[in-house]
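FYI, it's all coordinate maths here, none of it is from the lab. Keep in mind that this is a model prediction, so the values were computed, not measured. Please note: Cβ atoms are built from the backbone with ideal geometry, for glycine as well, and neighbour counts cover all protein chains shown.
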Amino acid sequence: MINTLYSLDTLGSPMAFFLALLIGLGFGFALERAGFSSSRRLAGIFYFTDMAVLKVMFTALITAMLGLSYLLAFGWIRLDQVFLMPTIYGAQIVGGLLFGVGFVMGAWCPGTAVAGLAAGRIDALVFLLGAVGGSILFNELFPLIRPLYMAGDQGVQMAYTALGLSRNVFVLVFTVVAVVAFWVSEWAEKARTGCAPYLGSPFLKAFSLALVTLAAGLFVLAPAVIEIPGKSADTAAAAAVDEKALMEKMERAQDHIEPEELANRLMAGEPNLVVVDVRPAAEYNAFHIRSAINVPLARLTEVLQPHKNKGLIILYSNGMTHPAQARDSLQRQGFGNVYLLTDGLQGFRDRCLKPVSLRSEPLTEPDAARVNAWRAFFAASPVPANPSVAIASINAAVPRVVETDWLADRLGTPGLKIIDLRPQPEYNAGHIPDSLSLNVDSLRGNIRGVPSMLLPPSMLAAQFSLLGLHPSDAVILVYGDKLHDATLAGMAFERLGHMNCAVLNGGYAKWALEGRSANAALPACAESTYQVKYDADDFTVDFQTVAATLGKAGAVIIDVRPADFYAGKKSNEARAGHIPGAINRPYTEDVLTNSSLIVSFKPTAVLAEVYRRILPAPDAEIVVYCRTGHQASQAYFVLKHLLGYAHVRWYDAGWTEWAARQELPVVNDTQSRVPVK
């Protein structure tokens, strides 16, 4: 099995960058050789004088489609290892119309415009500048455009499923259409210009035959039944083919998912992932995998119908017999996205949740970190399935990151307080029931001349009193599109020693996308007297402490600002650059943003591996900083509370203070080092 860069979550790695560069060079070379650096030639398609655009694009589509189909047929990759673009009718229809109008008017698309610019075409430069300007305009107007951007979001939809065809039939039909288009293009050029060198040529005949043969060859490798929604394959022949396809899928090990992979996917908050526990309700209530739903076997088809061929459906029980029988039944009903959990729940416990100290074989440091991360996510957090258990458990410490299903099970539980950190207009429009609105910027102010510093304990306690909070409350922090809003609020609670505080992974966007309960009612809030605690903050450091860390053996300073600000290419402070010896790990690298614009933490196992390479030892002395402490709070949260590093410190004043103090040294990668004065 081939692991893709997408499935490994390594698209941001140097290897991925290098491969992207090679592919980009090849793509540009192909466009240039095809004559796509000339807008006159590109415009020829509208006059049927030069059909190169259609021929090149169809060739690219067919090559990609056949290549991917053969990789799937041989079992070398799975479809879930490839990024599949979601179907969003509103955005794609409007975007397609805009793209079409732009191509008609300018005869350029972004890729061909780059090829044209490389050839020195002024009109290509103008087009690219317009595209950049349009992108900036889109960014600035996004709050207004967002309803259209998400209008008609259908998730991942496969064209062949919508047409009631098997993938092999669709590939063959599309290939035949492409071959016909090649011949028609040559005929059109002949009719308009009198010249069509490939029309009827041996090359075109051989090329056409090769494509059709390759498409037909898929039926030999991976036969499949034509599925027509609403109709059953009731003939004996169709049933036999269906059974053969199912058996071949099992033989290629494409019918199950390993516990480790499922654990990573759940921790990443993968959308359209449905985990189904088919055990009796009593066993499910006693313990189940986090976020799993309990569905009786008799109701599987009914409950899972909305998820048919959308994302992944994972079935599990104590063993694999009942899930396998259920999977076979669903497969015959046209569900092509159902998988078994290898070795069932017991396998998940043994391979993901068993403590490192109880393992019969020693684990490497990275593997041990993965197990500890899984245990923190699955085993350490309760997953009650009924309100009485939820109410009892809320008095215990909540996990530092909770999922939407965890919170949904506990809504209305005494002692649970939900803080919504989104802008007030968004909160007013709709929020999780009984959640309280809090502007995260109200937690910061000017302290000793430094702006945007976290307020002192007395002022924070006063705010918490107005919110009716008590130190014994379990607090859930809900963010909008900035996860670091939640971690900054978490720093305020931590400054007062209030550690029973968690971040809702995915924030309100994930909650809303899942269709969970929401309203616009303002909750009743009786003022409390939140006690001030002055000695809880041992994690905030000042510039003197950071300066004393410079050059210290085993100490690491992490600058989480974007790379251009770290290097000094950009600056919005007194000086540009970074603290000497600091390494750059942008805060954006620790989160994922999916196609629905839901921002969540990357899998803990992935983060653990990345930081293992960055930090010299688990007990390293670490200082994190950004410009004002906001983004650095996220890095602190990841290192301290997700990965368990013990000696993490937060330089709240950050680059704002350091750059303004002229006596402090600065490194600017674009200039020589600024000396100490």
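Which shape class applies to the range 543-660: rounded if a/c is under 1.5, otherwise prolate when a/b exceeds b/c and oblate if not, where a ≥ b ≥ c are the square roots of the Cα gyration tensor eigenvalues?
oblate
Label separation (residue 219 vs residue 199): 3.2 nm, computed from points 7 Å beyond Cα along the C-beta direction. If you wrap the range 387-513 in the convex hull of its Cα atoms and look at it from every side, the mean projected area works out to 7.6 nm². Each of the GluC sites (Glu not before Pro) that DSSP puts in a loop and that has at most 14 other Cβ atoms within 10 Å breaks the chain; the longest unbroken stretch is 1-513. Here the range 32-221 is assigned +1 on the Cβ of each Lys and Arg and -1 on the Cβ of each Asp and Glu. Its dipole about the Cα centre then comes out at about 340 debye. For the range 32-221, a/c is not less than 1.5, where a ≥ b ≥ c are the root eigenvalues of the C-alpha gyration tensor, and a/b does not top b/c. That puts it in the oblate class. Once you sort the root eigenvalues of the Cα gyration tensor of the range 255-358 as a ≥ b ≥ c, which label holds: rounded (a/c under 1.5), prolate (a/b larger than b/c) or oblate (the other case)? Verdict is prolate for the range 255-358.
Cross-link pairs exceeding 19 Å between alpha carbons, from the set 482/569; 310/510; 510/602; 354/640; 552/640: 482/569; 354/640; 552/640. Placing +1 on the Cβ of every Lys and Arg and -1 on the Cβ of every Asp and Glu, with no other charges, gives the chain a dipole of roughly 1140 debye about its Cα centre. Note the angle between two axes, namely the Cα long axis of helix 122-140 and the longest principal axis of the Cα atoms of the chain, as a number of degrees from 0 to 90, rounded to the nearest 10. It works out to around 40 degrees.
Projected label points at residue 426 and residue 531, each 7 Å from Cα along the beta carbon direction, are separated by 3.5 nanometres. The base-10 log of I(q)/I(0) for the chain, evaluated at q = 0.05, 0.06, 0.07, 0.08 Å⁻¹, reads -0.30, -0.44, -0.59, -0.77 [Debye formula, identical scatterers on Cα atoms, solvent excluded]. Annotation for residue 662 and residue 573: the two label points, set 7 Å from Cα along the Cα-Cβ direction, are 1.8 nm apart.
With K and R counted +1 and D and E -1, the other residues having a Cβ less than 13 Å from that of residue 494 yield a net charge of +1. Extension gain, residue 612-residue 17: 0.36 nm per intervening residue step, less the Cα-Cα distance, totals 212.1 nm.
Measuring r between the beta carbons of residue 176 and residue 206 and using R0 = 25 Å, the FRET efficiency lands at 0.95. Projecting the Cα atoms of 28, 520, 478 onto the dipole axis of the chain, where Lys and Arg carry +1 and Asp and Glu carry -1 at the beta carbon, places 28 farthest toward the positive end.
Toward the positive end of the charge dipole of the range 255-358, about the Cα centre and with charges on Cβ (Lys, Arg +1; Asp, Glu -1), which of 317, 334, 353 goes farthest? The Cα lying farthest towards the positive end belongs to 334.
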